[in-house]
Amino acid sequence: MTVSRIARALSGAVLLAAAGLLLAWSGVRQLESELFAALTRTTIDSGAYSSSDAAVVYLNAGTRGMFGLEITSSCTIAYPLAGFLLLLAFLAQVPRWSLARVWLAGLGSTAVLVAVNQVRLLGIAFASREWGLQTGYEISHRVVGTVITLVGLVLAIAIVFAVIGRDSRAARAAA
């Protein structure tokens, strides 16, 4: 077995393990809620805070309009990100693509997915705060949030194939 094959096999194993851990570890939702609270404090609600017991961010703290948004298992970035890690584990096995570029694509797509999910959560928080949980939450979570997530997924896929595809184009141009 060559060094390249060993590196690809190890990369695939690490990516598969990371996907599994991401899905199994409940702390990922807590980390997301803490990031969400920090972003919310700097943008739309300086009093927003994250619960230390659960993946909940509270807005309008200290007022009668206080409410919490929970990062549930269906709201977390863990599932889409795990899917991307599985895709990258597969792509790491294809000798046509540089392993370094697969990892770079993984970093880029991970950053995009996390950022887009945080933007989606900020949109939900803003709409819920401005238009109430009945209207603001429902529309921003179910409709707008879904569109934002789909755009993020498409962007992440485009990043993966733009980054790993550069090697193939350069190799064809050199030939």
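Numerical summary
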{"read-out": "MET66-GLU130 FRET efficiency (beta carbon distance; Förster radius 22 Å; 0.05 resolution)", "value": "0.90"}
{"read-out": "Convex hull projection area averaged over all views, segment 20-78, Cα basis, nm²", "value": "4.1 nm²"}
{"read-out": "Amide H within-cut-off set for VAL56, under 5 Å, with H built and near neighbours excluded", "value": "SER51, ILE71"}
{"read-out": "In Hz, Karplus ³J(HN,Hα) per residue of segment 63-78 (6.51, -1.76, 1.60; θ = phi - 60°; x = Gly, Pro)", "value": "10, 5, x, 4, 8, x, 10, 9, 7, 8, 5, 8, 9, 6, 7, 4"}
{"read-out": "Farthest positive-ward along the chain dipole, Cα basis, beta-carbon charges - from LEU86, SER73, GLY145", "value": "LEU86"}
{"read-out": "nm² value of the averaged projected area, convex hull over the Cα atoms of the chain", "value": "11.8 nm²"}
{"read-out": "Angle in degrees between helix 99-131 and the longest Cα principal axis of the chain, rounded to the nearest 10", "value": "10 degrees"}
{"read-out": "Gained length - LEU107 relative to ILE44, 0.36 nm times residue gap less alpha-carbon distance", "value": "19.9 nm"}
{"read-out": "Cα-projected label distance for GLN93 with VAL151, points at 7 Å along beta-carbon direction, nm", "value": "3.5 nm"}
{"read-out": "MRE, 222 nm, helices only [DSSP H, n ≥ 4, -39500 (n - 2.57), over the chain, to nearest 500]", "value": "-23500 deg cm²/dmol"}
{"read-out": "Solution diffusion estimate, µm²/s, Stokes-Einstein, segment 29-121, Kirkwood Rh from C-alpha pairs, 20 °C, viscosity 1.002 mPa s", "value": "145 µm²/s"}
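Taken together, the values in this text are just the output of simple stated rules run on the coordinates, not laboratory data. Quantities reported herein were computed from a predicted structural model and do not represent experimental measurements. Positions of Cβ are backbone-derived with ideal geometry, glycine not excepted, and every protein chain shown enters the neighbour counts.
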